[in-house]
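Report on one structure; see the data block that follows.
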Amino acid sequence: MSESKKLLRGRFRKDAARLVKQFTASVDYDRRLYRQDIAGSITHARMLAKQGIITDEEAETITTGLVAIREEIEHGLLEFDSELEDIHMNIEARLAGKIGDVAGKLHTARSRNDQVALDIRLYMKDAISSALHRLRELQTVLVDLAESNREVVMPGYTHLQRAQPVMFAHHLLAYFEMLERDIGRFLDCLKRTDVLPLGSGALAGVPYPVDRTFLAQELGFGHISQNSMDAVSDRDFVVEYQAVTCIVMMHLSRLAEELILWSSAEFAFVEMNDAYATGSSIMPQKKNPDVAELVRGKTGRVYGNLMGILTVMKGLPLTYNRDLQEDKEGFFDTVDTLAVVLDVFNGMLRTMRVFPDRAEQAAKESYALATDFADYLVRKGLPFRQAYTIVGGLVDHAMAEGLGLDEIDISTLRSFSPLFEEDIRRIDTMASVNARNCIGGTASEQVAAQLVRARDIIEGGYVD
Ligand code: ARG
């Protein structure tokens with residue numbers, strides 16, 4: 001039996017087959033948990049000493065050893081051994097190599113089952129706070145972009161057909177709202193992640209006088225798990241993190257899609273900075289919005305990671321099963337994808353150029369004022385449905401003549417309805433926008449208020 005395997009020898013008389021060792025090993029990816037694992041172990045050792053389960057001196061030796069191992073790992077000096085399965089056993093074996101038999105006392109009143117649950121929860125709490133930070137940054141970029149293009153009008157779309165004019169800022173702030181809900185979802189997920197599982201042992205709790213309150217306080221947990229069987233087998237928080245990130249990615253993907261459309265010659269509302277676009281290997285004139293496309297594309301892998309963990313969890317009997325080891329790769333992949341996607345998206349939006357004239361022109365060209373013409377007739381006393389029919393006929397006429405609504409002379413307008421008078425000329429894109437002055441509407445006054453509100457939210461920190 002190999003030296004390294006002795007830690008896990010138990011009842012076994014011989015080593016697992018090489019292929020089985022490779023198959024079951026996770027250290028290639030769970031090594032990312034080394035800081036959390038060491039922090040958990042140090043606190044655990046201190047708690048054991050405080051409770052008289054080990055001596056102060058033993059705890060001190062263990063702690064010093066673990067701190068030194070952390071240094072080694074950080075300087076790339078520790079060689080991880082897949083024979084030792086995972087990060088937990090690699091660290092424990094190294095500790096034994098450093099401090100001898102006393103290392104064996106660290107695993108008193110603990111199992112890898114509560115240990116790994118602790119490590120992922122600690123890791124996820126950090127991942128959530130960096131996601132929150134990046135989401136706030138993206139909100140800031142959106143608000144800055146909205147503010148510096150405050151006067152810009154564009155067509156609003158339904159069915160991707162020009163519908164009614166809107167402020168460009170209003171359109172951007174729609175994404176601010178989505179991200180605000182995402183922040184709320186992460187904060188909510190954080191509540192259920194912020195639960196200490198350590199002290200649950202393998203599944204049934206531990207037969208030692210452990211102080212879980214001390215562990216929770218020292219490790220920064222707001223709550224303590226109340227059922228050991230649930231605690232070692234629960235990965236709901238991973239599912240939630242994946243699900244929340246899926247929703248974030250869905251939002252980013254929608255914005256990415258719009259930016260891709262807007263940067264096409266057909267729209268030409270925006271242009272990506274050279275630093276955030278790529279060329280074509282064959283067509284020298286091309287400037288491709290690959291960054292936005294990849295954000296849209298990477299949404300697929302994050303959705304896949306959610307499906308992965310949901311499927312792993314389905315049908316698992318209580319309590320710990322090795323299937324749970326499959327929670328990590330997809331989780332780390334989602335953490336990394338979200339971080340890079342948000343960083344690159346921030347940069348792309350910050351450097352993007354907006355063409356206000358093109359956007360405004362598109363809003364003007366498109367009979368987008370037809371609803372305003374109908375509303376005009378309503379204000380003169382006509383029921384909306386009649387007004388709608390009249391203006392429908394008017395648009396049909398204007399299209400046949402190749403005219404804009406503002407180019408039809410008054411007498412022709414009056415032949416459609418005698419209610420049309422000179423003041424119809426006051427209806428233009430800006431008037432249309434500003435008429436929508438209800439809460440949440442696109443009028444400049446409302447958008448200005450929303451910008452103030454957005455800044456307040458950003459400055460207010462994270463309010464759950
Ligand atoms: N590497 C394992 C995991 O990630 C750690 C827990 C192992 N526990 C066990 N009973 N084999 O799930």
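The values are calculated or read from the model by the stated rules, or taken from the named source; none is laboratory data. None of these values were measured; they are calculated from a predicted model. Glycine gets a Cβ as well: all are built from the backbone with ideal geometry, and neighbour counts include every protein chain shown. For the accessible areas, the whole protein counts, side chains as well, though only heavy atoms, and no ligand, DNA or RNA atoms are used. Shrake-Rupley method; radii C 1.70, N 1.55, O 1.52, S 1.80 Å.
Taking into account only those residues within the range 352-381 that are touching a Gly at 6+ places or on another chain (Cβ under 9 Å) and not hydroxyl-bearing (Ser, Thr, Tyr), which is farthest from Leu172 (Cα to Cα)? Here the answer is Ala374.
Here is a check on your reading of the model: is Tyr29 aromatic (Phe, Trp, Tyr), in a helix (DSSP H, G or I) and more than 12 Å from the ligand (Cβ to nearest atom)? It is false that Tyr29 is aromatic (Phe, Trp, Tyr), in a helix (DSSP H, G or I) and more than 12 Å from the ligand (Cβ to nearest atom).
Taking every residue in the range 61-87 that is over 24 Å from Ala25 (Cβ atoms) and pairing it with any residue that is hydrophobic (A, V, I, L, M, F, W, C) and surrounded by 15 or more Cβ atoms within 10 Å (Cβ to Cβ), at least 6 positions away or on another chain, the pairs with Cβ-Cβ distances below 6 Å are Thr61/Ile99; Thr61/Val102; Ile62/Ala45; Ile62/Leu106; Thr63/Ile42; Thr63/Ala45. Checked against the criterion of being over 25 Å from Glu421 (Cα atoms) and either in a helix (DSSP H, G or I) or open to solvent by 10 Å² or more (accessible area, probe 1.4 Å) (or both), the range 361-370 has at least one qualifying residue. Residue pairs whose Cβ atoms lie under 7 Å apart, sitting 6 or more positions apart in sequence or on different chains, and linking a residue in the range 325-350 that is of a type in the set (Gly, Ala, Ser) to a partner that is part of a helix (DSSP H, G or I) and open to solvent by 20 Å² or more (accessible area, probe 1.4 Å), are Gly330/Asn305; Gly330/Gly308; Ala339/Ser130; Ala339/Arg134; Gly347/Tyr276. The selection criterion, being part of a helix (DSSP H, G or I) and more than 19 Å from Ala127 (Cα to Cα), holds for Gln217. Got at least one residue in the range 338-354 being under 26 Å from Ile408 (Cα atoms) and in a loop (DSSP other than H, G, I, E, B)? No, there is no match, as no residue in the range 338-354 is under 26 Å from Ile408 (Cα atoms) and in a loop (DSSP other than H, G, I, E, B).
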